[in-house]
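The values are calculated or read from the model by the stated rules, or taken from the named source; none is laboratory data. All of these numbers come straight from a predicted model, not from anything done at the bench. Methodologically, a virtual Cβ is constructed for each residue, glycine included, from the backbone with ideal geometry; neighbour enumeration extends over all protein chains shown. The area values use the complete protein model at the heavy-atom level, side chains included, leaving out ligands, DNA and RNA. Shrake-Rupley method; radii C 1.70, N 1.55, O 1.52, S 1.80 Å.
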Amino acid sequence: MPTIGQVDDAVRAVLAGLRRAPRPDRRSSGVFAGRLLGQRQVEGLGEEIREIRIAPNTVITPIARDLLKRRGILIRWVSERLAARIGEWGFVLEDGAVMADALRRSLLAAEGGWHDLGDELIEAAHWVSAEDGRGAVVFSEQGSVACWLASQVPGVRSAAAGDADGVARAVEHLGVNLLVLEPAGHSIPSLLHCVKVFRKSGAPECPDWIDGGTGDANRRGDRPRDLLSAAPERAESAIFGGRPDVSGGDHRGLSRARGGAGRVR
């Protein structure tokens, strides 16, 4: 039977390996939005490219196709919009969001075009997940709640950010396709700058580490950083004075539209 010291050394070795693990290479996928893909274009692809996305109307010459095959580069046919990485963008202004009218006018007048998705977060989440390359910004007074609700819709990668740097990190590491911003305490120019950073990288793209799946190794309790096999819901509820319902959470503070019992006074 291993000693406590041996177990500790094994855990430290695993954690060290995780820290040294390289970040996912998001350059492994190339994009070609032109009408003719020939030998010269294929030769210009970087050595790291393992897949190339091409629009349906693009013609691939026989020489180019043979070169792609010899280099082991897969061809992935995507829509014209995705090939150009233009993306499709929408926004939601929830009820009670400050500066709602001014934000709506600014976004509708902005270059690139925006879809006004109304004031329903869940509808926006389903709109995002219905097609690849879509992204939405949700302006909410309860950013963390909005982020959690949106994440319940399959295909949505939601994140709440407080500034442009946070937005950039969410785009780089998560490929966020539903961004939640809290207008309170921010100026319209700062909010619009966050939106600009969100769109800067083009159509939202799911990163490789999510595409590859997490598998059984990522189950709660199986990872070195998880010290408990299950969340201590009873203890947490007692600390905060909440009473967990049958689903394991205290929803009393949520509005009725979000499945709660309304505000407790």
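Some notes on this structure:
- Some residue of region 183-203 being more than 30 Å from Leu103 (Cα to Cα), modelled with pLDDT under 90, within 24 Å of the chain's Cα centre (by Cα) and open to solvent by 30 Å² or more (accessible area, probe 1.4 Å): no
- Ala64 being open to solvent by less than 40 Å² (accessible area, probe 1.4 Å), assigned to a loop (DSSP other than H, G, I, E, B) and not aromatic (Phe, Trp, Tyr): no
- Taking residues in region 58-84 that are under 15 Å from Arg35 (Cβ atoms) and modelled with pLDDT of 90 or more, and partners anywhere that are open to solvent by 30 Å² or more (accessible area, probe 1.4 Å) and not in a strand (DSSP E or B), the pairs with Cβ atoms closer than 6 Å and at least 6 places apart or on different chains are Ala64/Gln39.
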